[in-house]
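Colleague: The following block contains the structure, expressed as structure tokens.
Values in this text are rule-based calculations from the coordinates and carry no lab data. No experiment lies behind these values; they were computed from the predicted model shown. Please note: Cβ atoms are built from the backbone with ideal geometry, for glycine as well, and neighbour counts cover all protein chains shown.
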């Protein structure tokens with residue numbers, strides 16, 4: 001669990017420090033079908049369902065502007081992280097590297113835990129965007145004082161490993177909201 005918390009913290013810090021962004025003015029989509037407190041998606045066609053205790057949406061006003069940070073992990077050691085910079089509420093936010101000054105980011109990671117030797121555990125990370133094309137989006141359908149609901153899809157590349165591509169589809173979330 002300690003390694004998982006460290007991974008989630010690392011993904012969040014990398015996302016916040018590395019990129020900045022803006023949004024489009026779309027209506028935010030239909031909200032998807034995730035149960036309360038969870039994030040669900042298909043990763044290359046395989047179902048992902050997060051663990052409620054390690055899934056949240058944080059609206060941060062620290063630094064320049066408002067940002068939305070979504071983090072969701074499951075009991076298998078897999079995780080999603082999405083950061084929307086310049087967050088203004090319901091709408092669609094693109095994952096594209098076309099302009100470095102306005103880049104939202106998403107990632108998917110898989111951690112293989114070695115129970116007999118935890119130091120030998122490995123983590124692979126797939127990131128979006130990975131080039132200057134439109135690679136996906138996250139749509140916020142509803143934001144209240146207590147929750148954020150939306151949908152997402154994107155393609156992500158293992159930029160530090162084998163350069164494989166993961167296709168994330170049918171993503172939706174209904175997460176508890178935190179404000180910092």
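Colleague: Which whole-number percent is the relative contact order of region 80-171 (Cα, under 8 Å, 6+ apart)?
Modeller: Reported relative contact order: 26 percent.
Colleague: Sticking with this one: Taking 0.36 nm per residue of sequence separation and subtracting the Cα-Cα distance, how much length would be gained by fully extending the chain between residue 122 and residue 33, in nm to one decimal? Provide the component values of the computation, followed by the final result.
Modeller: Values: separation 89, 0.36 × 89 = 32.04 nm, distance 3.15 nm.
Additional length available on full extension: 28.9 nm.
Colleague: Please check which bits of region 58-79 a label hung off residue 110 would reach, taking the label as a point 7 Å along Cα-to-C-beta and the cut-off as backbone N under 17 Å.
Modeller: Counting only backbone N, you get 73-79.
Colleague: Show me the three semi-axes of the equivalent ellipsoid for region 29-180, from the C-alpha gyration tensor (sqrt of 5 times each eigenvalue), largest first, rounded to whole Å. Each step should come with its number before you reach the end.
Modeller: Values: eigenvalues 111, 73, 44 Å².
Result for region 29-180: semi-axes of 24, 19, 15 Å.
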